[in-house]
Amino acid sequence: MTPDSITEVTEPIPASDTEDANTPSPITAAIDVLNRLTTAVKQQVLGRDDVIELTLIALVADGHVLLEDFPGSGKTTLAKALGEAIIDDGKDSDRDEFILPFRRIQFTPDLLPSDVTGVPVFDSNSNAFHFRHGPLFAHVVLADEINRTSPKVQSAMLEAMGEKQVTVDNVTYPLDDLFFVIATQNPLDLVGTYPLPTPQLDRFLFKITMDHIDRQSELDVLDSYKKRRDLQQERITVTRDEVLFAREQIDAAVTISASVKSALVDVSRNLREDERVLQGNSTRSMVLMLPALQVAAALRGRNYVSAEDIELLLPRVLGHRIELAPGVADMNKVLLDAMRGPMEQLARGTLA
Amino acid sequence: MKQASTKATTAPHFLPTSLRAAIIASSYWLLSLSLTVVSGSVASFIGCLFACYLIDIGIRHPPMKQLRSFTINLMSLSFLLLGLFLASLLTSTSLLSNLSSPMASFKTGEFIKFFAISASLTVCLRVLAQRTSYGAVIEILFVATAFVITLSAHRNGMIHRPFVIGDYALTRGIDPSSILMAFGCGAVLSLAALLMIENNHRRLPYHFTVLGLLCFSLLFYVRMFGLPTPQLTDDLGLTGQEQAGNSAQRENPFRDSENTAEDKEAPVAVVVFRDDYEPLNGSYYFRESAYSQFNGTMLDFTTRSDMDQDLIANFTNSRIEANQLPRAKDQRTPVRASIGMLISHRTPFGLESPVAYENTANPNNLRFKRTYDAYSLAPEYDFNYLLGRELGRADWSQEVWDEYLELPDDPRYTELAASLIADLKPEYANDPFAKAWAVKTYLDENGIYSLKNDHAYETDPAASFLFGDLTGYCMHFSFAATYMFRSLGIPARVGIGYSVPASNKAGGSSLLIQAVHGHAWPEIYFRDVGWVIVDPAPQQTLVDMTTDPQNSLQQLLGDMLRNDASFDDFMQSQQTSMINLLLILNTFYALVLAALLSAYTVKFYRIWIPSRAAADKQYRLSYRAMLDQLAAVGLHRKFGESREQFARRVQGVAPTMQQLTEQHLAAALGARKADRADPQKWLQLRNKIAEEISINTKTWKRVLAWLNPFSWLLSK
């Protein structure tokens, strides 16, 4: 360390800045990408900083999110802002020209899988079938009211989410590397819906239940509506490649220590042993969670995963994955009880 | 639930009811202690509580409200009869005892009986107290009676009564009187509390406090200065105070009106026989002194140095022996007896005939006024041995002879004595012992023993007795006999001391002397034998002089006086727990001290070690040292709280803690080890946090933090 850094430590600034001040590392660029994305989305969506953060974490961590919210609460705005913030600068050569930044699918009961994936169309000129790409071929897909459509469409959707590919007429078409789904469902109006079963919910990294924004934010939304609409042209943007690059960099640079992993496993085991829990979370959920933890750490300027990240993400990751026993309502309490011991172990472990 | 609201307005408050119930129940418990086994006592306690609550809560509500007091009392009476019947059924039939055990059925019976008794009695008392104006008085009287009856046995200095308390205290080396005083205090306080409840004077707790303080100051006084000495009516003027301010008493041993049987059981001394000895005539005689010189009106202590040389007048610190030893040693057995005086005496006494006294160490200063060993040559001869003996000692001068033969100038003594020996058989006509026996026989057959008589104010009470109604007590008998012996030319005196029935010894080696055993008897000097007791025993008596021999007290005091290894062992065995307690306490103190020392060592080690530690351990040791400092001022991480949360929480005290935490976590959880290699940086952060802590916490808190040896236990 240089004498500069000694003087720097006297002022409370994030540790990562001091670390990276003299040795610029790729992670600085990754964090910069994240910050720009955040700023871009925050310009459009007011009062939803927590949801924006989680959504970005899921985007960079290669997961998908399920938003549970009321109509008109800004889901589409959020998804659209995100989709439009990621532009394609055309530098990447092996990129598919059919991939668009943002697509929205409104799910209805009469929707068919081909409406989502695309369909082969007979071209009389070439006298052959030609695949017309569906709305899934985009960077960010908003799947609105996903529980309103039939299981057939849901399963096509879920294949795309899980495998990053669609199969039509036995031909498999790969989706973009940056394929990110924001699905929504209305928590109240359940008539005529096909609720997603737990295994399907498992495909979503987060299920985020959104509350109404506070009064001041709501006022801000009304005040700045026009301004934000006009700002469309001078937006901060991030290229698709930058996002993919950040994904790689964060994965490489952010350490997950053994004690963090064992804390995760212990929480899962506690949950499975808990009498109030009918079915615990899967091992896959833990695996999916690791990149998310790394992104969360990077967002806070850290190059290691800490207890804070677990506390932030664990409820979002596990909330929709564990089934509570009949009569048990308070998911948060169950989670907190399961977390207390392992988190204590994690904290104590740093002194060992 | 509608009832609850009405109850709140009409029913008495719960606390006074409980207090009253507890007081009355404890008086039941006290009363039942001497009457039944533990189960009975418990039953009476429970029964009383039950009845108290039943009446206090139920009396203002139907159906009890509509019943007349008479009906309720009748019901409780029938409940009592039912309970008694059931109890007797239980114990008389063999059903239950066959089912379990006879003891269980007995205990069950006692339980039912005493439950019924206490419950029904309490119902009567409570109903009367609730419904009439005089009822409360009866209740208070009842409680007072319970205490008085229980403790009344303790009058007369009977320290071992009631046994429950006495045994408990004595075996633990506590003075039972303190406990009894405490009981008394408790009784007074309880009664005062009862009165206050009845009068509903809410202000009175103030007075109650003063009363309690007074009671306990009395208890304190007793602990500090001891109990007042029991005032005994010393039947013979022997057992009185050592300081002889009462010379009037000494001059006149005949104090008829003062002789009452009251306090006759009061213990005076305890004797532990070291040698086996059983008297032939059925009584142990302990000689203290003798009236031998006629002073013109009656016999008194001698003023001549050449008389009564066998007596030892005073206590001395070293061994003291009599100037004259009794003769006929082959007919006597040496007996050593340890004597513990419970009441001060002017003169030592010993088993007849005492020859030497030797002070011994007092095993219990609180209990014994004086302890000494008395060496005696106790007679083993029978009266046949005395027949044909000559009188008087060979080395007596004529003056001494004359003194032992002097008697009041009253011819009636000589006449009566002469008439008594006139009937002797010719072969015994000149035998001194036979003559003396004739006099004794006359008094035995014609004398009437009584403590109530009017001879005291006569010039010669003995004459008034002998030639009057022949009604008197030992002093009259012994004086009359002595005068008659002397009139017959037999040298005689009145021996005084104690005479205890041999049966009182009850097979043990200790003997309790009680006030009632004070005695006076005529003695005759036979040549080559010594002073021989010829004690008239009147066949008619107007007083019941039998007493409870108090075997348990005798045993207890004897053990205490004996103070030998076995007694010590016994006390040890009783006090094992106390001694162990001391040991445990000492061990505990040592452990606490060791714990404190090691805790301080650890505490200061943990603060000091970061400055000496290697660079790659700094992140851990420095952080721990800071956690210790924060824990000392009361800030420590809660269970399950993450380090970041804790750092945010203590932001107000130590803002730099957040930075330190970040660095610590980066080093602990991160992959890069760069941060571990700069001790200077850690030191800087430590100093900064310490400064922040000292600015943001109060001085007393920091002093406490510095002193607290266990603060580091909280940091984790």
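The rows are residues; the columns are (1) part of a strand (DSSP E or B); (2) touching a residue at least 24 places away in the same chain (Cβ under 8 Å); (3) over 41 Å from the mean Cα position of the chain (by Cα).
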{"position": "B:L311", "(1), (2), (3)": "no, yes, no"}
{"position": "B:P334", "(1), (2), (3)": "yes, yes, no"}
{"position": "B:L366", "(1), (2), (3)": "no, yes, no"}
{"position": "B:Y385", "(1), (2), (3)": "no, yes, yes"}
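Residue by residue, here is whether (1) within 27 Å of A:R302 (Cα to Cα); (2) crowded, with 21+ Cβ neighbours inside 10 Å holds:
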{"position": "A:L34", "(1), (2)": "yes, yes"}
{"position": "A:V60", "(1), (2)": "yes, yes"}
{"position": "A:E68", "(1), (2)": "no, no"}
{"position": "A:K75", "(1), (2)": "no, yes"}
Quiz item: Right, B:T471: surrounded by fewer than 16 Cβ atoms within 10 Å (Cβ to Cβ) and assigned by TED's automatic domain parsing to the domain that holds B:T302 or not?
Solution: no
Exercise. Return the residue satisfying two criteria in turn: it lies in segment A:333-352 and is under 29 Å from B:D616 (Cβ atoms), aliphatic (A, V, I, L, M) and surrounded by fewer than 19 Cβ atoms within 10 Å (Cβ to Cβ), and of such residues it is nearest to the other protein chains (Cβ to nearest Cβ).
Key: A:L351
Quiz prompt | Filtered residues of segment B:629-657 (kept if within 60 Å of the chain's Cα centre (by Cα) and away from every other protein chain (no Cβ under 11 Å)) | solution = B:Q629, B:L630, B:A631, B:A632, B:V633, B:G634, B:L635, B:H636
Practice problem: Taking only segment B:106-137 into account, find how many residues are among the small types (G, A, S) and surrounded by 21 or more Cβ atoms within 10 Å (Cβ to Cβ). | Solution: 6
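Please enumerate the residues belonging to segment A:299-331 that are in contact (Cβ under 8 Å) with a residue 60 or more places away in the chain, over 15 Å from the mean Cα position of the chain (by Cα) and away from chain B (no Cβ under 12 Å).
If the condition is that a residue be in contact (Cβ under 8 Å) with a residue 60 or more places away in the chain, over 15 Å from the mean Cα position of the chain (by Cα) and away from chain B (no Cβ under 12 Å), then A:R321, A:E323 are the ones that fit.
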Practice problem: Go through segment B:336-364 and give me each residue that's part of a strand (DSSP E or B) and more than 26 Å from the chain's Cα centre (by Cα). | Solution: B:R336, B:G350, B:L351, B:P354, B:V355, B:A356, B:Y357, B:E358
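The rows are residues; the columns are (1) more than 10 Å from every other protein chain (Cβ to nearest Cβ); (2) crowded, with 19+ Cβ neighbours inside 10 Å; (3) within 30 Å of A:K261 (Cβ to Cβ).
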| residue | (1), (2), (3) |
| --- | --- |
| B:Q659 | no, yes, yes |
| B:G670 | no, yes, yes |
| B:R686 | yes, yes, no |
| B:I689 | yes, yes, no |
| B:S694 | yes, no, no |
| B:T699 | yes, no, no |
| B:L713 | yes, no, yes |
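Among the residues of segment B:502-520, write down those that are within 22 Å of B:M560 (Cα to Cα) and part of a strand (DSSP E or B).
B:S510, B:L511, B:L512, B:I513, B:Q514, listed by residue number.
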Quiz item: Which residue pairs have Cβ atoms under 6 Å apart, sit 6 or more places apart or on different chains, and have a first residue in segment B:631-648 that is at positive phi and a second that is modelled with pLDDT of 85 or more?
Solution: B:G640/A:R340; B:G640/A:M343; B:G640/A:E344
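Specify the residue that is nearest to the chain's Cα centre (by Cα); the eligible residues are those in segment B:40-72 that are surrounded by 19 or more Cβ atoms within 10 Å (Cβ to Cβ) and closer than 24 Å to B:M103 by Cα. Let's see the steps before the verdict.
Step one: filter segment B:40-72 for residues surrounded by 19 or more Cβ atoms within 10 Å (Cβ to Cβ), giving B:40-41, B:43-45, B:47-49, B:51-52, B:55-56, B:59, B:72.
Add one more test, that the residue is closer than 24 Å to B:M103 by Cα, and what stays is B:40-41, B:43-45, B:47.
Working: B:G40: 25, B:S41: 22, B:A43: 27, B:S44: 26, B:F45: 25, B:G47: 30 Å.
Across segment B:40-72, the extreme among qualifying residues is B:S41.
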Self-check item: Members of segment B:453-464 that are of a type outside the set (G, A, S), within 21 Å of B:L405 (Cβ to Cβ) and surrounded by fewer than 24 Cβ atoms within 10 Å (Cβ to Cβ)
Solution: B:T459, B:D460
Exercise. Go through the residues of segment A:252-263 one by one and say whether even a single one is surrounded by 15 or more Cβ atoms within 10 Å (Cβ to Cβ), among the hydrophobic types (A, V, I, L, M, F, W, C) and away from every other protein chain (no Cβ under 13 Å).
Key: no
Quiz prompt | Only one of A:V51, A:V121, A:V141, A:V65 that is β-branched (V, I, T) and farther than 20 Å from A:K207 by Cα | solution = A:V121
Quiz item: Within segment B:534-553, is even one residue at pLDDT 85 or above and either of a type in the set (K, R) or not in a loop (DSSP other than H, G, I, E, B) (or both)?
Solution: no
Practice problem: Go through (1) away from every other protein chain (no Cβ under 13 Å); (2) surrounded by 14 or more Cβ atoms within 10 Å (Cβ to Cβ) one by one and return the number of the condition B:S598 breaks. | Solution: (2)
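Condition check: touching a residue at least 60 places away in the same chain (Cβ under 8 Å), surrounded by fewer than 23 Cβ atoms within 10 Å (Cβ to Cβ), farther than 23 Å from B:A269 by Cβ and not small (G, A, S). Does B:T541 satisfy that?
Answer is yes for this residue.
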Quiz item: Among the residues of segment B:365-374, is there at least one that is of a type in the set (K, R) and in contact with a Lys or Arg (Cβ under 9 Å, 6 or more places away or on another chain)?
Solution: no
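The values are calculated or read from the model by the stated rules, or taken from the named source; none is laboratory data. Since the model is a prediction, treat every value here as computed from it, not as a measurement. A quick note on method: Cβ atoms are made from the backbone with ideal geometry, for glycine too, and the neighbour counts reach across all protein chains shown.
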